[in-house]
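*Asks:* Dumping the structure here so I can ask a few things about it.
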Amino acid sequence: MEIPGQARKCPYCHQFQDRRSTILYHPALHIVAALVPMLVMSVIFANIFDTGEKYEHYRGQIAVADCHIVFGDTKSGSTVAVIGMITNRSQVSWKEVQFHVDFLDAGGKRVDVGEREDYSFRLPAGENTAFKVSFRREFPETNYVKALVHVVGAKDERARW
């Protein structure tokens, strides 16, 4: 049967009439054209929502040193604070640091506990940084003899969220 000259595809057997049309109108090309933008978007979203390094892998490289207890009074009541230094021996800078403090009495018995996440606190890589965490005090000052401070969590400073 005769095929019109301008036809890209045979109206009877549906075969493309030239190599260019075969390539341009092949279903695989359309599938690839649809998948490429999805792949690009997934890479973009992965970078936007990247949470960075996990703190748990670096926990042993963060050490609290040289801390002491300070007492105070505010309009809302008595406070106890721990002031000290943190050493970050890792190559990762941390933000939104979570502190956990165990307060011990003279016999080494735990008398109080405090946990605080400091959203503005930054812990630069490879540096020493001063810190202060403050809590409402519930017991007499004489009960607070020693403070054990631990950094229990943090977020990679490079992470957006």
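*Asks:* Residue 75 to residue 128: FRET efficiency via 1/(1 + (r/R0)^6), r the Cβ-Cβ distance, R0 30 Å, to the nearest 0.05?
*Replies:* Working from the Cβ atoms, E equals 0.35.
*Asks:* While we're here: Between residue 93 and residues 5 or more places away or on another chain, which pairs have amide H atoms under 5 Å apart, with H built 1.01 Å from N, and which residues are they?
*Replies:* Under 5 Å from the amide H of residue 93: 125, 157.
*Asks:* Right, something else. What is the calculated FRET efficiency for residue 16 to residue 44, with r their C-beta to C-beta distance and R₀ = 22 Å, to the nearest 0.05?
*Replies:* Given R0 = 22 Å and the Cβ-Cβ separation, E is 0.05.
*Asks:* I would also like to ask the following. Pulled fully out, how much extra length does the chain show between residue 117 and residue 136, if you take 0.36 nm times their separation in residues and subtract their Cα-Cα distance?
*Replies:* Taking 0.36 nm per residue and subtracting the Cα distance, the gain is 5.3 nm.
*Asks:* How high is the relative contact order of segment 73-125, in percent, counting Cα pairs under 8 Å that sit 6 or more residues apart?
*Replies:* Computed over segment 73-125, the figure is 39 percent.
*Asks:* So how strong a dipole does the chain carry about its Cα centre when Lys and Arg Cβ are +1 and Asp and Glu Cβ are -1, to the nearest 20 debye?
*Replies:* Dipole magnitude for the chain comes out near 540 debye.
*Asks:* Please work out the C-alpha center-to-center distance from segment 129-145 to segment 99-119 and express it in whole Å.
*Replies:* About 8 Å separates the Cα centre of segment 129-145 from the one of segment 99-119.
*Asks:* Let me ask something else. At 7 Å along Cα-to-Cβ for each site, give me the label-to-label distance between residue 89 and residue 1 in nm.
*Replies:* Output for this residue pair reads 8.2 nm.
*Asks:* Follow-up question, since we're still on this one. In whole Hz and in residue order, list the ³J(HN,Hα) couplings for segment 127-135 that follow from phi through the Karplus curve 6.51 cos²θ - 1.76 cosθ + 1.60, θ = phi - 60°; x for Gly and Pro.
*Replies:* Each residue of segment 127-135 in turn: 10, 9, 9, 6, 9, 8, 10, 10, 9 Hz.
*Asks:* Tell me the mean residue ellipticity at 222 nm calculated for the chain from its helices only (DSSP H runs of n ≥ 4, each -39500 (n - 2.57), averaged over every residue, nearest 500).
*Replies:* About -5500 deg cm²/dmol.
*Asks:* Then there is this: Quick query: amide H of residue 50 versus all other amide H atoms, modeled in the peptide plane; which residues come in under 5 Å with a sequence gap of 5 or more or a different chain?
*Replies:* Residues meeting the amide H criterion: 160.
*Asks:* Further question on the same structure: Helix 27-48 sits at what angle to the longest principal axis of the chain, using alpha carbons and giving 0 to 90 degrees rounded to 10?
*Replies:* Orientation of helix 27-48: about 10 degrees from the principal axis.
*Asks:* Beyond 25 Å, how much of the Cα-Cα pair distribution for the chain remains, as a whole percent?
*Replies:* Percentage above 25 Å: 56.
Just so you know, all these numbers are worked out from the coordinates, no wet-lab data involved. Note that the coordinates shown come from a computational prediction; the quantities given were computed from them, not determined experimentally. As a convention, Cβ positions derive from the backbone with ideal geometry for all residues, glycine included, and neighbour counts pool all protein chains shown.
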